[in-house]
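*Asks:* Could you have a look at this structure, given as structure tokens, before my questions?
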Amino acid sequence: MSVRRLAEDQFQPVAFSFSEENAAWADKTIQKYPAGRQQSAVIPLLMRAQEQDGWVTRAAIEKVADMLDMAYIRVLEVATFYTQFQLNPVGTRAHIQVCGTTPCMLRGSEGLMSVCKSKIHQHPFARNAEGTLSWEEVECLGACVNAPMVMIGKDTYEDLTPERLEQIIDTFEAGNGASITPGPQIDRHFSSPEGGPTTLTEEPKAKKTSAKKAVAEAATASVDAAPVPPSEAARPKSTDAETNAALKTPATAPKAAAKNVKAVEEQPSPATAALATATAKPSLTDKNRPSGIEKPAAPDDLKLISGVGPKIEGTLHDLGIFTFAQVASWKKAEREWVDGYLNFKGRIDRDDWVKQAKALAKGGEAEYIKVFGKKPR
């Protein structure tokens, strides 16, 4: 393991204090742990200090130690052990972590590092001339199927090419990083195959019954359906079909049975019928369809709602849904209509779109962080 030390004194600030919002968050986080176990909050508090200042300073380490009644050396041990903590100043607008583990390396992460060297600095952890950008190579970031990838802050940017990474770096350098949608940078939904699903794309076919088996079942059904004689004495005693007319099978029975078989085979199975009903989109004229509006001059970025990607946002726009306030107002029937139209199988309620939209409509990202404790995707 490489030796990790704090930054030189010339870079260290004199003091550190959490912002009012972060201080309230820190107090709430410490209270999550049982009495006598508050020191377990050391990692989340250090991470929040890093998110506030961009890196972990000596003053921040001492502040966290005082808050948790820990010796300074114990908090220093944590900060220097975990590579997620930056012990030196990083880019003020973006610190780019390039995954260099095998899947990403095989898919071109060396090309991404070459871009960082040419556009930021030749050496990792060194900042560009303006101090706004820095980069480093890291171990697996957990999106191997979408390799190669980088992480900036808490967001990952996947399926990258050197050209696309250059565009992302330029956007962050210009201070517009929030305009880039995290996740796959190609036509892919999360970790689904490129271009869409490749398996389970057809509905299951109805199970057919063989004609021979159906004839036998039909004949059995005919016998079972025959009226029961009023008494055992009335039952025919002879088993000779030639002399006992009651036991003769009409010559037309096989033909009728075969006809019934054909009708059975042409009918869809109950499972197929149920599947067709479940997957059918609700009508656009349904009374439960949410009301749409004309596209405003500046529509809300619906992709900030977890579960909404570029394609889903486009579909919502087609339905006249452009603002967080619209989504926040959906009642149960309206949510069920949209859920059925998108074939989401309950995902709108599971992801709680309405609660997310209410927070974003009320106060944007700041309100979202206040409600959910994290930035919107």
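*Asks:* Which residue pairs have Cβ atoms under 8 Å apart, sit 6 or more places apart or on different chains, and have a first residue in region 25-42 that is loosely packed, with under 12 Cβ neighbours inside 10 Å and a second that is assigned to a helix (DSSP H, G or I)?
*Replies:* Listed pairs, sorted by first residue: 32/41.
*Asks:* Select from region 54-77 the residues that are surrounded by 15 or more Cβ atoms within 10 Å (Cβ to Cβ) and part of a helix (DSSP H, G or I) and list them in ascending order. Break it down stepwise before answering.
*Replies:* To start, the set of residues in region 54-77 that are surrounded by 15 or more Cβ atoms within 10 Å (Cβ to Cβ) comprises 54-65, 67-68, 70, 75-76.
58, 59, 60, 61, 62, 63, 64, 65, 67, 68, 75, 76, listed by residue number.
*Asks:* If you check 56, 42, 98, which single one turns out to be more than 23 Å from residue 128 (Cβ to Cβ) and of a type in the set (Val, Ile, Thr)?
*Replies:* Details: 56 fails: more than 23 Å from residue 128 (Cβ to Cβ); 98 fails: more than 23 Å from residue 128 (Cβ to Cβ).
It is 42.
*Asks:* Within region 179-194, track down each residue that is surrounded by fewer than 14 Cβ atoms within 10 Å (Cβ to Cβ) and over 16 Å from residue 147 (Cα atoms).
*Replies:* 179
*Asks:* Can you confirm whether region 106-124 contains a residue that is surrounded by fewer than 16 Cβ atoms within 10 Å (Cβ to Cβ), not in a helix (DSSP H, G or I) and not assigned by TED's automatic domain parsing to the domain that holds residue 144?
*Replies:* Checked region 106-124: no residue is surrounded by fewer than 16 Cβ atoms within 10 Å (Cβ to Cβ), not in a helix (DSSP H, G or I) and not assigned by TED's automatic domain parsing to the domain that holds residue 144.
*Asks:* So residue 306 clears everything in (1) more than 23 Å from residue 355 (Cβ to Cβ); (2) in contact (Cβ under 8 Å) with a residue 60 or more places away in the chain; (3) of a type outside the set (D, E, K, R) except one condition, right? Which one?
*Replies:* (1)
*Asks:* Just the residues that are under 39 Å from the mean Cα position of the chain (by Cα) and assigned to a loop (DSSP other than H, G, I, E, B), please, taken from region 1-20.
*Replies:* Step one: filter region 1-20 for residues under 39 Å from the mean Cα position of the chain (by Cα), giving 1-7, 16-20.
Within region 1-20, 1, 2, 3, 4, 5, 6, 7, 16, 17, 18, 19 meet the criteria.
*Asks:* Would region 116-134 turn up any residue that is more than 28 Å from the chain's Cα centre (by Cα) and more than 28 Å from residue 86 (Cβ to Cβ)? Before you say what the answer is, go through the steps one by one.
*Replies:* Filtering region 116-134 down to residues more than 28 Å from the chain's Cα centre (by Cα) leaves 116-134.
Now narrow it down to the ones that are more than 28 Å from residue 86 (Cβ to Cβ): none.
No, every residue in region 116-134 fails to be more than 28 Å from the chain's Cα centre (by Cα) and more than 28 Å from residue 86 (Cβ to Cβ).
For every residue, the table says whether it meets (1) touching a residue at least 60 places away in the same chain (Cβ under 8 Å); (2) out of contact with any helix residue (DSSP H, G or I) (no Cβ under 6 Å at 6 or more places or on another chain); (3) within 23 Å of residue 89 (Cβ to Cβ); (4) not β-branched (Val, Ile, Thr).
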residue	(1), (2), (3), (4)
109	no, yes, no, yes
117	no, yes, yes, yes
126	no, yes, yes, yes
136	no, yes, yes, yes
144	no, no, no, yes
147	no, no, no, yes
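Residues checked against (1) in contact with a Ser or Thr (Cβ under 8 Å, 6 or more places away or on another chain); (2) in the same structural domain as residue 347 (by TED's automatic domain parsing); (3) modelled with pLDDT under 75:
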residue	(1), (2), (3)
269	no, no, yes
274	no, no, yes
284	no, no, no
295	no, no, no
310	yes, yes, no
317	no, yes, no
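*Asks:* Report whether or not residue 148 is assigned to a loop (DSSP other than H, G, I, E, B), surrounded by 16 or more Cβ atoms within 10 Å (Cβ to Cβ) and under 27 Å from the mean Cα position of the chain (by Cα). Before the answer, list the steps.
*Replies:* Numbers: assigned to a loop (DSSP other than H, G, I, E, B): yes; surrounded by 16 or more Cβ atoms within 10 Å (Cβ to Cβ): yes; under 27 Å from the mean Cα position of the chain (by Cα): yes.
When the stated conditions are applied, residue 148 passes them.
The values are calculated or read from the model by the stated rules, or taken from the named source; none is laboratory data. If you're wondering where the values come from, they're calculated on a predicted model, not measured in any experiment. Backbone-built Cβ (ideal geometry, glycine too); neighbour counts: all protein chains shown.
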